[in-house]
Amino acid sequence: MQKKEDFNEWYNGIVEKANLSDKRYPVKGMNVWTPYGWRIMRMIDTYIREELDGTGHDEVCFPLLIPETEFKKEKDHIKGFDSEVFWVTHAGENELDVRLVVRPTSETAMYPMFSLWIRSHQDLPLKVYQIVNAFRYETKQTRAFIRVREIHFFESHTCHDSEEDAQRQIEEDVAILSRIARRLCLPYILSVRTDWDRFPGAHYTVGIDTVMPNGRTLQIGSIHHYRTNFSEPYGISFEDSDGQRRFVHQTTYGMSERLLGAVIGVHADDKGLVMPPDIASFQAVIIPIFSKNNAEEVMAACAALRDELAAEGIRVKLDDRDARPGSKYYDWEIKGVPLRLELGGRDIENGVVTFVRRDTGEKGTIDIASAAQGTGLVLEMIAESMLEAAASIQGSYITDIEDMDSVVKERILRFGWCGDPACGHAFEERSDMKILGHRYGQAEAYEGRCIICGKPTGKRVLAANAM
Ligand code: ZN
């Protein structure tokens, strides 16, 4: 199975081969995180915690179950989620008076509590997040990390005294995203979704999409400005400095295990995973190359190298299994370890370690005298070139078109749109693609025509087929 030939088959095969998740659990779309997969996800979660803690968010943990009465307070929200929630209807043998929703997302769990927590402007801004699992009854074909019914994700929720302060939060979220995506070596596109595609209850939604190598987009997260759409029905208000009661402005930001799905899809190859150094369980693996005569000497040098790298904070593994080097290479290639270090008699004589990069296959040597520093530098180079390579592939998919005859599938199309929903719907129907929206935060001088009605427009949007 080859990535170029059948992306979906290839993706499923890689997840299985690398043993990231076990889909044999007897509930469809609810997969088991294996030790290797979970270790990577936990690493991603660690960076998310670091970022959110570092920007003044507090971690919380809300209950999984939400009373139907709270869930239904915001009418668009319930409309958007009604068909994809799991319900708890019984406790033991008793039918519940008020059914309980298994959280699909936590607005309706948190906001009744926010209305108790927030009293005055001194309680603002309120910035909290949680890293939990959410549940959605996905009816399309499930796919590990990309389309599942139990979703590991983080959600941050904030309350502000003004629309402007909430807008500042969105800018902060965008900055957090850029730092996390850099660690994952993932390029992405930020676009303001169309009115019919925004999150149920949101004032506007910024979708975060990454382009998969089959030319389809994968939405890896989203950021929403709610204005007072939720604070009004949930009664989240504060007394401002003039003694007036006002509703808070709210935002949310969330990303899920799709981040891992994106890393697999974007970076892995036909041999296995290719892990970005920042989230690799092992960043380097040391393979001893020895004969009967020098086994002891080589093993001692390998152990010393391991200790030196570990002391500098590099996640390193010495593979001292009794197996041929070739079969060790094969195993670590599947796992996607960014850097393979080979150490043999000749290397020791020359005072070097031989390295092989997982991403490009490139070979070279590092001076053994400064092995930790040298290894660190090569890991940085790997991360940089993984991001560059992915960004250039993403860029190559963006195709400008001027009329409907030029529509091509599995490309990111860019074209003029007058903004009239009728034209937007017409485009989506005739192309069988989805408008991602206009680029967030990028004022561009564009003068063109709406692809449907031909009216002059200064607005350009992107469209794609989603995964
Ligand atoms: Zn138009």
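The values are calculated or read from the model by the stated rules, or taken from the named source; none is laboratory data. Note that the structure is predicted; figures quoted are calculated from it, not measured. Note that each Cβ is placed from the backbone with ideal geometry, even for glycine, and that neighbours are counted across all protein chains shown. Surface areas here come from the heavy atoms of the whole protein model, side chains and all, with no ligands, DNA or RNA. Shrake-Rupley method; radii C 1.70, N 1.55, O 1.52, S 1.80 Å.
In Å², what does the accessible area per residue of the chain work out to with a 1.4 Å probe? Working shown, then result.
Numbers: 21650 Å² over 467 residues.
For the chain, the solvent-accessible area averages 46 Å² per residue.
Where in region 110-133 does the label zone of A175 land, with the point 7 angstrom along Cα→C-beta and an amide N cut-off under 18 Å? Hits in region 110-133 for A175 at 18 Å: 125-128.
Using the scaling law 2.2 N^0.38 Å as the reference, what is the normalised Cα Rg of region 144-230?
Working: Rg = 14.0 Å, N = 87, 2.2 N^0.38 = 12.0 Å.
The reported ratio for this selection is 1.16.
Placing a pseudo-label 7 Å from each Cα along the Cα-to-Cβ vector at W196 and E50 gives an inter-label distance of 4.3 nm. Within the accessible area of the chain, the carbon and sulfur atoms contribute 47%, probe 1.4 Å, all protein chains present. For the chain, the normalised intensity computed at q = 0.10, 0.12, 0.13, 0.14 Å⁻¹ comes to -0.84, -1.11, -1.23, -1.34 (log10 of I(q)/I(0), Debye sum over alpha carbons, equal scatterers, no solvent).
How much net charge surrounds M110 when only other residues with a Cβ under 14 Å from its Cβ are counted (Lys, Arg +1; Asp, Glu -1)?
Working: positive: K73, R103, K127; negative: D58, E59, E70, E74, E107, E155.
Result for the local shell: -3.
Between rounded, prolate and oblate, where does region 283-329 land on the alpha carbon gyration tensor, with a ≥ b ≥ c its root eigenvalues, rounded for a/c under 1.5, else prolate if a/b exceeds b/c? Since a/c reaches 1.5 but b/c is at least a/b, the shape of region 283-329 is classed as oblate. Ranked by the mean number of other Cβ atoms within 10 Å of their residues, highest first, the peptides 204-216, 96-108, 139-151 fall in the order 204-216, 96-108, 139-151. A cut-off under 14 angstrom between Cβ atoms defines the neighbours of L387, and their net charge, with Lys, Arg +1 and Asp, Glu -1, is -2.
Peptides 405-412, 127-134, 343-350 ranked from most to least packed give 127-134, 343-350, 405-412, packing being the mean of other C-beta atoms within 10 angstrom over each peptide's residues.
Could you tell me which GluC sites (Glu not before Pro) in region 245-306 are loop residues by DSSP with no more than 14 other beta carbons within 10 angstrom of their beta carbon?
Numbers: sites: E257, E296, E297; in loops: E257.
Counting only loop positions with at most 14 other Cβ atoms within 10 Å, none of the GluC sites (Glu not before Pro) in region 245-306 qualifies.
Modelled this way, with points 7 Å down the Cα-to-C-beta line, the labels at K271 and K72 are 5.8 nm from one another. Note on I393 and N94: with the Förster distance fixed at 56 Å, the Cβ-Cβ geometry gives a FRET efficiency of about 0.50.
If one computes the Cα centroid of region 296-347 and of region 129-180, what distance in Å separates the two points? Centre-to-centre distance over Cα atoms comes out at 38 Å. With R₀ fixed at 22 Å, the C-beta to C-beta distance from K363 to R321 puts the FRET efficiency at about 0.45. Estimated at 0.36 nm per residue, the fully extended path between Y25 and H121 surpasses their Cα-Cα distance by 29.7 nm.
Given the peptides 299-305, 244-250, arrange them by the average over their residues of other C-beta atoms within 10 Å, most packed first. Intermediate results must be reported in sequence, preceding the final value.
Values: 299-305: 17.4, 244-250: 19.9.
Peptide ranking by packing, descending: 244-250, 299-305.
Converting phi to 3J(HN,Hα) with the Karplus coefficients 6.51, -1.76 and 1.60 and the offset θ = phi - 60°, region 178-186 yields 5, 6, 5, 5, 5, 5, 8, 6, 10 Hz in sequence order, with x at every glycine or proline.
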